[in-house]
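In what follows, a structure is listed as structure tokens, so that the remarks can point back to it.
We did not get these values from a lab; they are worked out from the coordinates using the rules stated. Just so it is clear, the structure is predicted and the values come from calculations on it, not from any experiment. Note that each Cβ is placed from the backbone with ideal geometry, even for glycine, and that neighbours are counted across all protein chains shown.
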Amino acid sequence: MRADAAKRRQLIVQEARRLFAAHGSDVALEAVAEAAGVGIATLYRNFDSRAALADEVALAILADMRAAGTEALEHVGSSPEDAWVGYVQRLVELDLGALSATLAEFVTDEISGSVRDAQAQTLAGVEELLDAVRTAGIVRPDLGALELVLAIGLITRPLPEAIRAVTPDLVPRLVSIVLAGMRPS
């Protein structure tokens, strides 16, 4: 693939990810194309269906999660607490709550082999990091990789504007509560 075509494809995925998180999976693909600065025909040349685009968005999220895990593992030996908290913060920044609800309809019924493999690799990486921070005494022994990812997804789900207005610091507060609850007894 030519560099300009690869860049365009990546921009489509980036904008789809942003719009899916903000508006849900039923956002018009024309809106994705417009946000990426391409025509709808270009979007369809790159992704033959909404499900194909959703797969690419899921793969991008999973790649970001793996990168965050790899970075945390590199630092866990020298500063396990900072590596762990930094990793959890990175997961929060990935907006997993908004995106998981949006992508659920695609990855449950129509999950591709590449997404299934990426999920397995990602969860294995999360488990590897959990093993390291368990050994360091930072995380309770019964916390699993899927539980961690689902917990972050749940506390980062989009909230109605009225609730966000009343509780502007809700997500950081919940993250601190969840981190405290993950500590060993």
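Things to note:
- Cα lying deepest toward the dipole's positive end in the chain, options Gly37, Ser25, Ser176, charges on Cβ: Gly37
- Counted as membrane-span-like here are DSSP H helices of the chain whose alpha-carbon atoms extend 27 Å or more along the helix's own axis and whose Kyte-Doolittle mean is -0.5 or above; these are 3-23, 50-76, 113-135.
- Which of Ser49, Ala98, Ala6, positive extreme of dipole for the chain (C-beta unit charges): Ala6
- Estimated dipole of the chain in Debye, rounded to 20 [Cβ of Lys and Arg +1, of Asp and Glu -1, Cα centre]: 220 debye
- Loop-located trypsin sites (Lys or Arg not before Pro) in region 1-63, at most 10 other Cβ atoms within 10 Å (DSSP): Arg2
- When the chain is treated as a GNM with alpha-carbon contacts under 10 Å, the residue of Ala58, Ala118, Ala28 showing the greatest mean-square fluctuation is Ala28.
- Cα centre as origin, Lys/Arg/Asp/Glu Cβ charges: region 1-48 dipole, Debye: 280 debye
- Per-selection Kirkwood Rh - region 1-48 (Cα, Å, 1 d.p.): 10.6 Å
- What the Kirkwood sum gives for the chain is a hydrodynamic radius of 17.6 Å, with every pair of different alpha carbons counted.
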